[in-house]
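Engineer: So that we are looking at the same thing, I have put the structure below in C-alpha cells.
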Amino acid sequence: MDACLSLFNEKVLIPKLERLELSSINIPKIWSDQALHCFQKLLTLNVTDCCNLKYLMTLSMAGSLVNLQSLSLCSCEMMEDIFHPEDIKQNVGIFPSLKKMEIICMEKLNDICQSNIGLHSFSSLDSLTVMECHKLITIFPTYLEKTIQNLQRLTITNCKSIENIFGFGNSAQTCDISETNLHTLLLKELPSLVHIWKDDTGETLKYNNLQSIIVEECPKLKYIFPLSIANGLENLEILWVNDCGRMKQIVALVCGSGKNEITFKFPHLNTLSLHFLSELVSFYEGRHTLDFPSLKKLFISHWYKLEGFTTEIESSQEMPIVFAEKEICNLEEMAMGISDAEWLKNKYIDSVHRMHKLQILYLYELKNTEVLFWFLRRLPNIKSLSLRMGHMKRIWTPRRLISNEKIGVVTQLKELELIMLFNLEEIGFEHDPLLQRVERLVINECMKLKILASSSISLSYLKDLEVVNCRLMKNLMTCSTATSLVQLTTMMIKSCPMIVEIIENEEEKNYCSMNSMASFIDREVEALD
C-alpha cells in the first residue's frame, strides 16, 4: 500500500457501517480529508496497533461521526494527537453521542483533545479509561470542563507524567453552579500526580453524585479533596486511599477555614480504607468532626505519623481521626495494624465487648498472639481471620491469657489466612481447639514453616486448603491427621520446592484415605517425586 494513501478516501462509501475495527495495519491515515459524511452511522470504532498513525482523524471528520458511541485506541505507538490540528476559524462540535472512550498504551499521546472544540463536544460521555499514556500531563484541562458533567466513570492508571486530573478551577465568567454525574473515580500508579482537583472547583462545580473513590500508588499526592468538594459528598459509599507516601491530609485546609469547626458528613459511607500513608497526620488539619453512620468496613494500617484513631479528641494540638463509639460497634469488617489494635485493646475495652457485628478481621504486623486472642475471645461472630506481615513464631493462646480469661466467648471462626509470617515455625493446632474448627485455611509465604501439623490432630471441619510459597515445608501433615479430613474438597500446593511428601510417612500406617477431596492442584512442587 502506498504510504501516501489513506485507507478510506472520498470514493469509498459505507453508509450503513456500524462497527469498524482496525488492527496491525500499516497506514499513515484512516480517512482522507475529503471522506466526510461517509460513515455517519458508525457506532463503534476500535483502532489497535496501527503503528504509522500520527493522528486518528481530523476535527471535521470527528464532527461528522454524530452517532459514534464507543471509541477505543490501543498501542498506536506513533500517535501524538487524536485529532489532527486544522486551520479552522471556529470551534467544531465533536462526538455528541460518544458514551465510552478507552485510550490504552499510547505512549506518545500529548493530550486527549485540542482547545478548539465546540461547547457540547463529548456531551454524552459517561465512561473514560486512560492507561499507560506516559506523556499526558492533565486529563481535563480548562477547556474540557463542560464535557465532564455527564461523565460517570473515570479510570486513570499507570501514566507516568500526569500531574492533574481536573485542571480547572472556579470560572470567573460564570456564577452558575453545575452538578456532575461522576460516581466512580479510580486512580492508580500515577507517580507524578500532584492534584486530583488542581483548584477548589466546589463553588461552581459540584460532585455530589460521587459514590466510589479509589486512589492507590500516587506517591506525590498530598491530599484527596479540596474543602468545598469534601463538604458535598453525601452519596459517597467507598473511600479507598492506599500507598500514597506523601499524603498529609485527606481534605486540604483552605486558608482561614481552620478557625471554625467543620463537620464532614458521609451518611452513606460504608467502606473506609487508609493503608500505607506514612506521612498522614490528620483527616483535616483544622478543627472538625466526622460522621460515618453507615460505616461497615474499616481498613487502617501503617500510619507512622498519626497516633491512630480515637473516639474523642484528647488535645487541641492533635487532630486524630475520630470515630464515634457506635460506629466502631457497627463494623462488620475491619483491618488494622498492631498499634491501632493495641489502642483498641487498652483504651476501649467496652467498645470491643459490643462488636457483635464484626465477622471479618485482618491484623498486620503482630509481634505475638496476645492481642490476637484477646480479640478472638471478645468477637463471638468472627468468621474470617487474616494475619499478615507478622513476626510471631507460633500461633496459639498464651497460657496467662487463658488463665485470666473471664469472658469465655466461643468464636465461630471458619476461615484462617496466614500470609507473609516470615518467622512462623508452628501453627499450633494441637494447643487450641479454636484453630481446629476452621473450614478454609490459606498459608502463603510462611518461609520457616516446615509442616502444617506435626501432631496427630483432627481437622475434621477443613474443606479448603491452600499452601503457597512455603520454601522450607517438607510435609503437610501426618497420615492420621489426613484421615481426619473427612470434609476436605480442595487442596492446592504451589511453589513449595522442598516438599517430598504431602502426607508424612508413618511406619504404623500403610493406608491413608481422603475420600471427600474433589480437587487437588499441584503447581511448582519441584522436589515432589
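Engineer: Name the pairs whose Cβ atoms lie under 9 Å apart, with the first residue in the stretch 480-501 and without any contact (Cβ under 8 Å) to a residue 40 or more places away in the chain, the second exposed (fewer than 15 other Cβ atoms within 10 Å of the Cβ) and part of a helix (DSSP H, G or I), and 6 or more positions between them or separate chains?
Structural biologist: Partner pairs satisfying both residue conditions: none exist.
Engineer: Yes or no: residue 235 in contact with a Ser or Thr (Cβ under 6 Å, 6 or more places away or on another chain) and either surrounded by 15 or more Cβ atoms within 10 Å (Cβ to Cβ) or closer than 15 Å to residue 193 by Cα (or both)?
Structural biologist: no
Engineer: In the list 115, 124, 97, which residue meets the criterion of being at pLDDT below 90 and open to solvent by 30 Å² or more (accessible area, probe 1.4 Å)?
Structural biologist: 115
Engineer: On to the next question. Which one of these does residue 430 not meet: (1) touching a Leu at 6+ places or on another chain (Cβ under 9 Å); (2) modelled with pLDDT under 85; (3) of a type outside the set (A, V, I, L, M)?
Structural biologist: (1)
Engineer: Moving on to the next point. Run down 424, 452 and say which single residue is assigned to a loop (DSSP other than H, G, I, E, B) and either touching a residue at least 40 places away in the same chain (Cβ under 8 Å) or closer than 24 Å to residue 360 by Cα (or both).
Structural biologist: 424
Engineer: State which residue is most open to solvent (accessible area, probe 1.4 Å) when the search covers only the stretch 71-94 and only residues that are of a type in the set (S, T, N, Q) and at pLDDT 90 or above.
Structural biologist: Filtering first and then ranking leaves 75.
Engineer: Taking residue 27, is it of a type in the set (Val, Ile, Thr), assigned to a loop (DSSP other than H, G, I, E, B) and closer than 23 Å to residue 133 by Cβ?
Structural biologist: When the stated conditions are applied, residue 27 passes them.
Engineer: Something else about it: It is to be established whether one or more residues within the stretch 47-56 are in a loop (DSSP other than H, G, I, E, B) and surrounded by 17 or more Cβ atoms within 10 Å (Cβ to Cβ).
Structural biologist: Yes; the residues of the stretch 47-56 include at least one that is in a loop (DSSP other than H, G, I, E, B) and surrounded by 17 or more Cβ atoms within 10 Å (Cβ to Cβ).
Engineer: Here's another thing I want to ask about it. Are there any pairs with C-beta distances below 6 angstrom linking a residue in the stretch 239-252 that is assigned to a loop (DSSP other than H, G, I, E, B) to a residue that is among the aromatic types (Phe, Trp, Tyr), with the two at least 6 apart or on different chains, and if so which?
Structural biologist: Cβ pairs passing all conditions: 243/276; 252/223.
Engineer: Can I ask one more? When the stretch 472-483 is examined, which residues are found to be out of contact with any Cys (no Cβ under 7 Å at 6 or more places or on another chain) and either part of a loop (DSSP other than H, G, I, E, B) or under 14 Å from residue 441 (Cα atoms) (or both)?
Structural biologist: Scanning the stretch 472-483 gives 472, 474, 476, 477.
Engineer: Mind listing whichever residues of the stretch 441-457 are surrounded by 17 or more Cβ atoms within 10 Å (Cβ to Cβ) and closer than 20 Å to residue 492 by Cα?
Structural biologist: Across the stretch 441-457, the qualifying residues are 441, 442, 443, 444, 445, 446, 449, 451, 452, 453, 454.
Engineer: I need a count of the residues in the stretch 116-145 that are assigned to a loop (DSSP other than H, G, I, E, B) and on the phi < 0 side of the Ramachandran plot.
Structural biologist: Matching residues across the stretch 116-145 total 15.
Engineer: Let me ask you something else. Residue 172 versus (1) at pLDDT 65 or above; (2) aliphatic (A, V, I, L, M); (3) open to solvent by 20 Å² or more (accessible area, probe 1.4 Å); (4) assigned to a loop (DSSP other than H, G, I, E, B): which is the lone unmet condition?
Structural biologist: (1)
Engineer: Is one or more of the residues making up the stretch 30-41 in a loop (DSSP other than H, G, I, E, B), closer than 23 Å to residue 154 by Cα and in contact with a helix residue (DSSP H, G or I) (Cβ under 6 Å, 6 or more places away or on another chain)?
Structural biologist: No, every residue in the stretch 30-41 fails to be in a loop (DSSP other than H, G, I, E, B), closer than 23 Å to residue 154 by Cα and in contact with a helix residue (DSSP H, G or I) (Cβ under 6 Å, 6 or more places away or on another chain).
Engineer: I'd like to know if the stretch 60-70 contains one or more residues that are farther than 21 Å from residue 86 by Cα, open to solvent by 50 Å² or more (accessible area, probe 1.4 Å) and under 39 Å from the mean Cα position of the chain (by Cα).
Structural biologist: Yes - at least one qualifying residue is present in the stretch 60-70.
Engineer: Sticking with this structure for a sec: How many of the residues making up the stretch 65-115 are among the charged types (D, E, K, R), assigned to a strand (DSSP E or B) and under 19 Å from residue 38 (Cβ atoms)?
Structural biologist: The qualifying residues number 0.
Engineer: Separate question: Could you tell me which of the residues 212, 228 is in contact with an Asp or Glu (Cβ under 7 Å, 6 or more places away or on another chain) and either hydrophobic (A, V, I, L, M, F, W, C) or modelled with pLDDT of 95 or more (or both)?
Structural biologist: Matching residue, one of 212, 228: 212.
The values are calculated or read from the model by the stated rules, or taken from the named source; none is laboratory data. Fair warning: this is a prediction, and the values are worked out from it, not measured in the lab. Counting neighbours? That spans all protein chains shown, and the Cβs are built from the backbone with ideal geometry, glycine included. Surface areas here come from the heavy atoms of the whole protein model, side chains and all, with no ligands, DNA or RNA. Shrake-Rupley method; radii C 1.70, N 1.55, O 1.52, S 1.80 Å.
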